[in-house]
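The structure appears below as structure tokens.
The values are calculated or read from the model by the stated rules, or taken from the named source; none is laboratory data. Computed from a predicted structure; not experimentally measured. Glycine gets a Cβ as well: all are built from the backbone with ideal geometry, and neighbour counts include every protein chain shown. Accessible surface areas use protein heavy atoms only, side chains included; no ligands, DNA or RNA. Shrake-Rupley method; radii C 1.70, N 1.55, O 1.52, S 1.80 Å.
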Amino acid sequence: MTITVTGLNHKSAPVEVREKLAVPPEALAEELAAARDAMNVPEAVVVSTCNRVELYLSREGPAPDVADFLAKRHRIPLSDLQPHLYHHEDLAAARHLFRVTAGLDSQVLGETQIQKQVKDAYQAAHAARATGRVLNRLFQTALAVAKRVRTETGIQEKSVSMSSVAANMAAKVFSDLPRKTVLILGAGDTGRVTLEAFRDRGVERILVVNRTVEKAQELSKRAYPLETLPRVLPQADILISCIHHDGYAVDAPTVKAALHLRREEPMVLLDLGVPRNIDPEAGNLENVFLFDVDGLQGITRENLRAREVEMRACEPIIDEAARAVIRKLNEVR
Amino acid sequence: METHASILLNAGLVGYATAILTAFTGLGAGSRRSFNAGRRLALLSALFHFILLADLGVHHTQCPVMNVFGFVLLLSVLVLLVAAASELFLEMTGLTVMTSPVAFVFAFFAAALGDAARTPPEGAATLAASVHIGVTLLSFTLFALSFVFALLYLFERGQLKQGAPLKLDFLPPLQTLYDLGHRFMGAGLLLLVLGTVSGVLLARTVPNPTPHDWRHDPKVIATMATCAAYAAAFLFHFLPSLKGRRTAWACVGAFLLLILGLWVSTLLSPLHNFR
């Protein structure tokens with residue numbers, strides 16, 4: 001029995017090559033059937049995401065030419081495909097799958113979405129009766145190992161996207177974030193993405209101030225024109241600012257006046273604009289916490305570094321689990 | 001002090017010191033293992049002191065402590081136990097470790113005082129005495145916790161004001177630290193007032209009071225000063241210009257005044273002057 005993985009990912013191949021091999025979910029069953037027939041293997045799983053396409057096989061006989069199968073199946077010249085492919089067998093294949101599922105091979109280290117993607121790929125193969133004893137055990141162990149990595153290490157603890165970091169900073173100030181009011185200044189893409197991060201944390205009360213009220217209303221029914229900002233600001237516990245403006249859109253006296261009307265209740269100001277929208281002097285006010293793009297990016301980088309450090313704690317878990325599963329599979333054979 | 005009591009006392013002190021060193025070194029190095037080991041060691045040290053107190057005959061019925069040594073050592077144990085309970089029930093990671101320096105300081109203070117002869121003072125074996133000492137003890141415990149919350153609040157606030165990556169990012173939100181500190185302070189103040197009232201009732205039961213009345217008693221003066229300081233700190237929160245950082249600093253100042261008052265009043269007179 002030999003377990004193999006052949007594929008490419010965001011590190012080994014550009015998106016133009018990856019997209020040619022990509023298999024949509026509705027075509028997985030057909031792809032699996034084609035792989036098993038062409039290469040005469042009893043078990044196969046295809047993992048196809050925006051960042052990788054990998055073919056996992058369990059075989060007993062001689063090694064099939066997986067690269068040739070992929071090239072013919074997806075109509076890519078083998079010479080174009082071969083340089084981007086990687087191939088692992090047995091222990092290395094198991095280790096690779098466990099690392100992928102735990103998010104250690106992802107573009108964003110420690111991301112959790114890949115775990116669901118691997119689970120979906122395995123379940124699709126299982127439903128298509130393309131898996132057996134070997135790949136069933138391998139993929140079930142991969143999912144268990146990913147959970148273990150998540151609970152025993154801090155690899156997934158810290159956010160590594162700026163919008164999540166911004167929401168986390170607000171959550172470090174306010175214990176009851178869902179009950180807070182968020183004011184978003186500007187209705188562009190950056191603001192929208194950050195607003196989603198707050199919505200994910202349960203924030204419901206959202207005010208939008210923008211030059212054009214119609215565009216603001218796409219984000220919230222409570223939309224106001226730009227000139228009403230001094231009047232609306234006191235209602236906001238959190239301000240997300242990302243607007244194109246000459247000079248500062250929010251100056252320190254405006255924030256001070258808002259604080260006074262709020263009876264000095266704390267405010268979090270997230271300045272996502274470049275150049276900055278909020279006067280840095282506002283950050284010196286007593287109960288104001290100001291985060292600009294540089295600060296948030298610094299926190300994001302620090303979090304990524306922390307995840308990289310945590311990766312060292314993950315490798316022994318993965319290695320031990322990979323050895324155990326290969327040993328088990330060889331014993332049962 | 002008997003040998004085994006001395007061993008328990010010193011084992012607890014060394015345990016606290018080691019726990020603090022281990023936990024804070026672990027924090028700096030990002031080692032959860034060291035941090036958790038420090039927490040367990042701090043709890044073990046509190047256990048040593050608890051066993052010592054039980055051995056000395058401290059119990060809940062009638063005057064839980066016989067002298068200032070017992071008072072301060074029991075305070076040390078209570079501070080850590082309440083912190084551990086808060087960590088568990090309020091899900092406040094790291095609170096036990098953060099409180100262990102305060103527990104250590106109290107334990108060290110007790111060791112410095114030494115365990116004097118434990119002849120019960122007059123009027124000690126009464127319900128009034130138990131209530132007075134027990135309630136005062138609890139109030140000091142809550143003040144110690146509010147001090148820790150205030151320090152953590154000031155630390156985290158400073159970090160957030162810088163807009164930089166957070167050290168101690170396991171700390172709860174700023175608002176939580178502030179609210180808990182304020183509530184513990186309020187509860188401590190209430191208990192201190194009750195302790196003072198029960199002390200007044202106790203004083204009336206003491207036979208043959210000396211000419212030195214309570215107005216010149218160092219402990220009473222220290223308690224009044226502590227009460228006033230905490231009342232001011234508590235009320236700061238309700239004034240918009242003083243809530244937040246200034247309230248936290250007032251809480252820190254009030255606790256330092258409490259420590260100073262406890263130390264000075266104990267040096268001047270181990271128990272109340274009016275016997």
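From the Cα gyration tensor of segment A:192-333, with a ≥ b ≥ c the square roots of its eigenvalues, which class applies: rounded if a/c is under 1.5, or else prolate if a/b is larger than b/c, or else oblate? Since a/c reaches 1.5 and a/b is larger than b/c, the shape of segment A:192-333 is classed as prolate. Taking the Cα atoms of the protein assembly as shown, the ratio Rg/Rh between the radius of gyration and the Kirkwood radius comes to 1.11.
Solvent-accessible surface of the protein assembly as shown, averaged per residue with a 1.4 angstrom probe and all protein chains in place: 46 square angstrom.
Nearest 10 degrees is fine. How inclined is helix A:113-127 to the longest principal axis of chain A, computing both from alpha carbons? Rounded to the nearest ten degrees, it is 40. Calculate how steeply helix A:162-173 sits against the longest principal axis of the alpha-carbon atoms of chain A, using the helix alpha-carbon long axis, and give the answer as 0 to 90 degrees to the nearest 10. Once rounded, one gets 60 degrees. Interface between chains A and B: roughly 1900 Å² of accessible area buried, both sides summed (probe 1.4 Å, protein heavy atoms only). For segment B:231-263 versus segment A:28-52, the spacing of their alpha-carbon centroids is 68 Å.
Determine the calculated [θ] at 222 nm for chain A from helices alone, applying -39500 (n - 2.57) to every DSSP H run no shorter than 4 residues and normalising by the residue count; nearest 500 deg cm²/dmol. After summing the helix terms and dividing by residue count, I get -15000 deg cm²/dmol. The phi torsions of segment A:290-305, fed into the Karplus equation with coefficients 6.51, -1.76 and 1.60 and a -60° offset, translate into couplings of 10, 10, 9, 4, 4, x, 5, 5, x, 5, 4, 5, 4, 5, 5, 4 Hz, rounded to whole numbers, with Gly and Pro shown as x.
Taking B:Pro240, B:Pro218, B:Pro101 in turn, the Gaussian network model of chain B (Cα-Cα springs below 10 Å) assigns the largest fluctuation to B:Pro240. Please state the shape class of chain B: rounded when a/c is under 1.5, otherwise prolate if a/b exceeds b/c and oblate if not, all from the C-alpha gyration tensor. Oblate, because a/c is 1.5 or more while a/b does not exceed b/c.
Neighbours of A:Arg192 by Cβ distance under 14 Å: Lys/Arg scored +1, Asp/Glu scored -1, total -2. Which distance in Å, rounded to a whole number, links the C-alpha centroids of segment B:132-154 and segment A:235-266? Segment B:132-154 and segment A:235-266 have Cα centres separated by 36 Å. Going from the chain on its own to the full set of protein chains, segment B:151-195 has these residues losing 50 Å² or more of accessible surface (heavy atoms, 1.4 Å probe, no ligands, DNA or RNA): B:Leu160, B:Lys161, B:Gly163, B:Pro165, B:Pro173, B:Gln175. When Lys and Arg each count +1 and Asp and Glu each count -1, what net charge do the other residues less than 11 Å away from A:Gly110, Cβ to Cβ, add up to? Neighbour charge sum, excluding A:Gly110 itself: -2. Taking Cα atoms only, the orientation of helix B:245-268 departs from the longest principal axis of chain B by about 30 degrees. Could you tell me which of rounded, prolate or oblate describes segment A:4-143, using a ≥ b ≥ c as the square roots of the eigenvalues of the alpha-carbon gyration tensor, with rounded for a/c under 1.5 and, failing that, prolate when a/b is larger than b/c and oblate otherwise? Rounded, since a/c falls under 1.5.
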